[in-house]
Amino acid sequence: MSPCTLADCRALDVRDPLRPLRELFAVPEGLIYLDGNSLGVLPRATPARVARAVEHEWGRGLIGSWNDAGWVDLPARVGDKIARLIGARPGEVVATDSTSVNLFKVLSAALSLCAQDAPERRVIVSERSNFPTDLYIAEALCKERGCTLRLVDAETLPQALGPDVAVLMLTHVNYRTGAMHDMAGVTAAAHAAGALVVWDLAHSAGAVPVDLQAAGADFAVGCGYKYLNGGPGAPAFVWVHPAHADRFWQPLAGWWGHATPFAFTPDYRPAPGISRYLCGTQPILSLIALECGVDAVLAAQDHGGMPALRQKSLDLTDLFIALVEARCAGHGLTLVTPREHARRGSQVCLARGDGAYAIVQALIARGVVGDFRAGDGAGGHPDILRFGLTPLYIGYEDVWHAVEHLREVLETEAWRQPEFNRKQAVT
């Protein structure tokens, strides 16, 4: 797909079956927001819903709202909605805690399963370019359990699945490159090698098709504030295959994961199934905001559902790649996102040897919001300009204008201005 004119892009927007969904989001006027893979846009329904929870449910209902407003059921209710986006069944997902905390829970449970069933397996394998928090959690658990974290490149994963591997821990869509693993194929290979698999769906849920049950996955966690539009710091979610859910306690045995939390017994008895993966008292206002975000994604079901979202995502990323290569050639940009549809998430990542941070800042000043991810300084991972294309609220004309701004920033060298080269805390 390579429409090269603004008129072509406008015609695509007119024919887009998902176009009405943009009205569900409060996209600021004049802003082209290509950072939904880092923080999703505010759904229009969220402010009023949260205000009602504050003013009426909390302000008037007070503690009675745990029962009367259904607060007690929110982790499971929101979890069931997320389950529809990730190929899980009702009662298999809870929305709770952060991705890092949930990863600690499931990785600990997976290691406990292996310690019981195959104690000789004491290695966690992960991709070297996995998101750092995942690697940090795994490293900490390995130190605690006397295990080893083995980091490998994506292309050598099959050879890394030796007889000492307990768990393969991967992010479905790589945060730096947008490269997507074949979940079913990788899971099958890991199982054939005797290992369990933990999937991080932070850059997948709500953006690309995921079917945990069909893939035979073991554990999964994911983020609520990216493609699920739950707001900054929104609760994450956790899924455990029913075959594993009741076999072990998760390590954070808080009262909310107790079989009868309001019996207030001094001994811990884990709740059945996924409910034991809860921990402490839930952040109700954050869960309410997350539910609004998930509902906005589920609204796509009336417009073709996830197949339509996926097709538009691929069309948008194809268009972005084609326009960059046609209009920004000769400016040192290298595509690092896979061209193959089956291997691409919903983002386009461009490497550049110098000025990547400043280029992103210059674009933001023009109203085109992407983000920057630093390289390792050793040539293994270059600096990255990262653009997330969320099909719920991004249109084809947005892509055309975004690339035109990128071309102008590069051709005029506007990125060299001092104000664009001052590093901020969050990039």
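The values are calculated or read from the model by the stated rules, or taken from the named source; none is laboratory data. Keep in mind the model is a prediction, meaning the values are calculated, not measured. Positions of Cβ are generated from backbone atoms using ideal geometry, with glycine treated the same way; all protein chains shown enter the neighbour counts. Heavy atoms of the whole protein, side chains included, go into the accessibility calculation; ligands, DNA and RNA do not. Shrake-Rupley method; radii C 1.70, N 1.55, O 1.52, S 1.80 Å.
Using the empirical formula 2.2 N^0.38 Å as the baseline, the Cα radius of gyration of the stretch 158-293 reaches a ratio of 1.17.
Among the GluC sites (Glu not before Pro) in the stretch 1-97, those located in a DSSP loop and surrounded by at most 11 other Cβ atoms within 10 Å of their own Cβ are Glu29. Between the helical axis of 356-365 and the dominant principal axis of the chain, each derived from Cα atoms, what acute angle in degrees is found, rounded to the nearest 10? Tilt of helix 356-365: around 80 degrees. If R0 is 60 Å, the Cβ-Cβ spacing of Glu404 and Leu62 corresponds to a FRET efficiency of close to 0.65. Taking Cα centre as origin and charging only the Cβ of basic (Lys, Arg, +1) and acidic (Asp, Glu, -1) residues, the dipole magnitude of the stretch 286-427 rounds to 320 debye.
Taking trypsin sites (Lys or Arg not before Pro) in DSSP loop states with no more than 12 other Cβ atoms inside 10 Å as exposed sites, the chain has its longest site-free stretch at 61-246. Using a 1.4 angstrom probe on heavy atoms only, work out the carbon and sulfur share of the accessible area of the chain in %. Roughly 56 percent of what the probe reaches on the chain is carbon or sulfur. Among Ala11, Ala188, Ala351, the largest mean-square fluctuation in a Gaussian network model of the chain, built with springs joining Cα atoms closer than 10 Å, belongs to Ala11. Exposed loop sites, defined as chymotrypsin sites (Phe, Trp or Tyr not before Pro) outside DSSP H, G, I, E and B with at most 14 other Cβ atoms within 10 Å, are absent from the longest region of the chain, namely 1-263.
Quick one: angle between helix 183-192 and the longest Cα principal axis of the chain, in degrees between 0 and 90, rounded to 10, please. Long axis of 183-192 versus the principal axis of the chain: about 40 degrees.
Helix 6-15 against the longest principal axis of the chain: what's the angle in degrees, Cα atoms only, rounded to the nearest 10? Its long axis makes an angle of about 40 degrees.
Projecting the Cα positions of Thr390, Gln417, Gly375 onto the charge dipole of the stretch 335-427 (unit charges on Cβ atoms of Lys, Arg, Asp and Glu, taken about the Cα centre) puts Gly375 furthest along the positive direction. Charge dipole of the stretch 347-391 (Cα centre as origin; +1 on each Lys and Arg Cβ, -1 on each Asp and Glu Cβ, all else neutral): 160 debye, rounded to the nearest 20. Mean separation of Cα pairs under 8 Å and 6 or more residues apart, divided by the residue count, gives the stretch 114-239 a relative contact order of 20 percent. Computed over the alpha-carbon pairs of the stretch 121-208, the distance histogram in 10 Å steps reads 18, 53, 27, 2 percent, short to long. Rounded to the nearest 20 debye, the dipole magnitude of the stretch 37-121 is 360 debye, with +1 charges on Lys and Arg beta carbons, -1 on Asp and Glu beta carbons, and the Cα centre as origin.
The convex hull built on the alpha-carbon positions of the stretch 255-346 has an orientation-averaged projected area of 10.6 nm². Remark: the chain carries 40 Å² of accessible area per residue (probe radius 1.4 Å; ligands, DNA and RNA excluded).
For the chain, adding -39500 (n - 2.57) for each run of n ≥ 4 DSSP H residues and dividing by the number of residues yields -11000 deg cm²/dmol at 222 nm.
Here the Gaussian network model covers the chain, with springs between Cα atoms less than 10 Å apart; of Thr281, Thr337, Thr265, Thr265 fluctuates the most. Within the chain, the cysteines lacking any other cysteine Cβ closer than 4.7 Å to their own Cβ are Cys4, Cys9, Cys114, Cys223, Cys279, Cys292, Cys328, Cys349. Please go through the residue pairs Lys81/Lys423; Lys105/Lys423; Lys226/Lys423; Lys105/Lys226; Lys312/Lys423 and name each one whose alpha carbons sit more than 29 Å apart in this structure. Too far apart for the 29 Å limit: Lys81/Lys423; Lys105/Lys423; Lys312/Lys423.
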